[in-house]
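First the structure, in the form of C-alpha cells, and then the observations on it.
The values are calculated or read from the model by the stated rules, or taken from the named source; none is laboratory data. Computed from a predicted structure; not experimentally measured. For neighbour counting, all protein chains shown are included, and Cβ atoms are generated from backbone atoms with ideal geometry for every residue, glycine included.
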Amino acid sequence: MPSSDVQRTIDAVWRIESARLIAGLARMVHDVGLAEDLAQDALVSAIEQWPESGIPSNPGAWLMAVAKRRAIDQFRRQERLERKVTELGRDLEIQQQRAGEDLDDAVDDDIGDDLLRLIFTACHPVLTTQARVALTLRLLGGLTTEEIARAFLVPESTVAQRVVRAKRTLAEKQVEFELPHGDDRAARLESVLEVIYLIFNEGYSATAGEDWVRPELCEDALRLGRILAGLAPGDAEVHGLVALMEIQASRLRARVDASGDPILLFDQNRALWDQLLIRRGLAALERAEALHEKPARYALQAAIAACHARAVTPEDTDWVRIAALYAALMQVAPSPVVDLNRAVALGMAFGPEAGLEVVDELVSEKALQTYHLLPSVRGDLLVKLERLDEARTEFERAASLTQNERERALLLERAGRVGQT
C-alpha cells in the first residue's frame with residue numbers, strides 16, 4: 001500500500017478509535033492526561049511501523065496493546081503502583097495468548113461506561129468553557145490542535161495551552177474518572193450538552209472568519225451527540241439536543257450559495273434540505289418528549305426547528321406556535337437572546353409592531369450591546385414598517401458588530417438596498 005494511503009488509513013483509524021482508546025486507558029490509569037499521552041505514543045508507533053508491517057486486522061486492539069505496554073513501562077520507571085503493573089501486565093499477557101481472538105474484547109465490556117466517563121471528565125464544570133470545548137474535540141473528536149485552532153480561528157499555541165491547562169486542572173482538582181450520580185449528574189450533563197451545543201453552533205453560524213458555516217464542526221458535534229444518546233438513552237435533554245442538531249444540520253447545504261455567501265431562511269431552496277436528517281431529528285424529538293413531561297431547553301428549541309422543517313414553503317410556517325414555544329423557552333431558560341428570537345416570531349405571527357415592541361425593550365440590555373443580531377432584527381422590522389432610514393442605520397450598525405466577513409457583507413448589502421428604495 002502506498003505510504004500516502006497508509007497515512008490516510010492511520011488518520012481514519014485514529015478518528016474512529018482514539019476516544020475508545022483514551023477512555024479505556026483513563027479507566028486503567030485514572031489520569032486523562034496520561035491516558036492521552038499513552039494513546040499518542042501508540043499512534044506514533046503506528047505511524048512508524050504500519051507502513052512497513054501493514055495495517056493490522058484489528059487496528060484498535062493493536063493500539064490498545066501498545067499503549068498498555070507504554071503504561072507498564074512508565075509505572076515501572078516510576079517505581080510505584082506495583083499492583084497496577086501486575087494487573088496491566090497480566091491483562092496484556094492474556095490478550096497476547098488469545099491468538100485469533102478479538103483483542104479489543106478485553107475493553108469492550110466497559111467501553112460504553114468508559115466513553116461516558118471520558119465525556120463527563122472532558123466537560124467537567126471545573127474547566128473553563130473554552131477549555132472544555134478544546135479538550136472535548138481533542139479527546140473525543142480526535143482532532144489535532146491544528147485542526148481545532150483552524151476551526152475556531154485562534155492560534156495553534158492557544159489551543160495547545162488550553163488543552164495542557166485543562167489536563168493540569170483536572171489533575172490538580174483531583175477530578176475522578178467516574179460516572180456522576182444524583183444532582184451532580186444533572187449538573188455535569190448540562191455542562192456536557194452545553195459544550196456539544198457550542199461546537200455545533202460555531203459550525204452552523206460561525207462567529208468570525210471568512211466562512212459563514214463550518215460543516216465539519218457540525219458533524220463533530222452531531223457525532224458526539226449521537227454517541228451520548230446511545231450511552232444515556234434515558235436522558236430527555238440528550239435526545240432534545242440531538243433532535244435540534246439533526247434538524248438544523250438538514251439545512252446546511254441550503255444556507256450558502258456556490259460562492260459561500262449566506263442564504264437566509266426565507267430564501268433557501270427547501271428541496272436541498274436533507275430529509276433523512278429531518279426524519280432523524282423528528283424521531284429524536286419524539287423520544288425526548290416521551291421521556292419528559294414538560295419539554296426542557298433543547299427539546300423546545302428542537303420543536304421550534306421542527307416547525308420550520310415541516311413547512312413546505314416559508315408561508316406555511318406556523319409562526320404562532322413558534323412564538324408560543326419561545327415563550328415556553330423563556331420560562332425554562334430565560335435570556336435576552338431567546339427573547340430576541342421571540343420578537344422575530346411575534347413579528348411574523350402578529351405583525352412587525354408586535355415584534356418591534358419587544359425588541360425596543362431589549363435595546364437597553366447590557367448583554368446585547370455588542371450582539372449584532374439585535375440591530376439586524378430591528379432593521380428587518382423597521383423595513384416592514386417602511387421606516388427605511390432607521391432600518392439602514394440598524395443594518396450598518398449590525399455590520400460593524402459582526403466578526404464574520406460573509407455576514408458583514410450581507411448586512412452592508414441589505415443596508416445598501418434599503419438606501420435605494
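Table for the structure above
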| quantity | calculated |
| --- | --- |
| Members of region 220-251 found to be under 22 Å from Phe152 (Cα atoms), among the charged types (D, E, K, R), at pLDDT below 95 and crowded, with 20+ Cβ neighbours inside 10 Å, listed by number | Asp220 |
| The one condition in (1) at pLDDT 90 or above; (2) touching a Cys at 6+ places or on another chain (Cβ under 9 Å) that Leu170 fails to fulfil | (2) |
| Residue within region 382-403 that is of a type in the set (Phe, Trp, Tyr) and over 23 Å from Tyr298 (Cα atoms) present | yes |
| Filter result (under 26 Å from Leu224 (Cβ atoms) and either in contact (Cβ under 8 Å) with a residue 40 or more places away in the chain or buried (at least 17 other Cβ atoms within 10 Å of the Cβ) (or both)) within region 252-261 | Leu252, Ala254, Arg255, Val256, Gly260 |
| Restricting region 379-421 to residues that are of a type in the set (Val, Ile, Thr) and in a helix (DSSP H, G or I), the residue that is modelled with the lowest pLDDT | Val418 |
| Some residue of region 262-279 being touching a strand residue (DSSP E or B) at 6+ places or on another chain (Cβ under 9 Å) and under 28 Å from Asp211 (Cα atoms) | yes |
| Residue, surrounded by the most Cβ atoms within 10 Å (Cβ to Cβ), within region 127-145, restricted to residues that are over 13 Å from the mean Cα position of the chain (by Cα) and free of Cβ contacts under 8 Å to residues at least 40 places away in the same chain | Ala131 |
| Test set (1) touching a strand residue (DSSP E or B) at 6+ places or on another chain (Cβ under 8 Å); (2) of a type in the set (Val, Ile, Thr); (3) closer than 21 Å to Ile22 by Cβ - Thr207 fails condition number | (3) |
| Flag for Ile55 being surrounded by fewer than 24 Cβ atoms within 10 Å (Cβ to Cβ), more than 29 Å from the chain's Cα centre (by Cα) and outside any helix (DSSP H, G or I) | yes |
| Scan of region 264-289 for residues that are in a loop (DSSP other than H, G, I, E, B) and modelled with pLDDT of 95 or more, ordered by number | Gln268, Asn269, Trp273, Asp274 |
| Entirely in region 103-212, the helices (runs of 4 or more DSSP H) that have 2 or more residues that are under 21 Å from Asp31 (Cβ atoms) and out of contact with any Pro (no Cβ under 7 Å at 6 or more places or on another chain) | 105-108, 111-122, 129-139, 156-172, 182-204 |
| Single residue of Leu346, Leu401, Leu374 found to be among the aliphatic types (A, V, I, L, M) and touching a His at 6+ places or on another chain (Cβ under 8 Å) | Leu401 |
| Flag for Ala349 being closer than 19 Å to Phe200 by Cβ and without any contact (Cβ under 8 Å) to a residue 60 or more places away in the chain | no |
| Top-ranked residue of region 196-213 - restricted to ones that are aliphatic (A, V, I, L, M) and under 15 Å from Asp261 (Cα atoms), ranked as modelled with the highest pLDDT | Val213 |
| Residues being of a type in the set (D, E, K, R), surrounded by fewer than 20 Cβ atoms within 10 Å (Cβ to Cβ) and touching a residue at least 12 places away in the same chain (Cβ under 8 Å) - total across region 147-168 | 2 |
| Some residue of region 170-185 being among the β-branched types (Val, Ile, Thr) and crowded, with 20+ Cβ neighbours inside 10 Å | no |
| Filtered residue count, region 332-357, keeping only those that are closer than 15 Å to Glu394 by Cβ and either under 32 Å from the mean Cα position of the chain (by Cα) or loosely packed, with under 13 Cβ neighbours inside 10 Å (or both) | 5 |
| Residues of region 302-354 that turn out to be of a type in the set (Asp, Glu) and not in a helix (DSSP H, G or I), as a count | 1 |
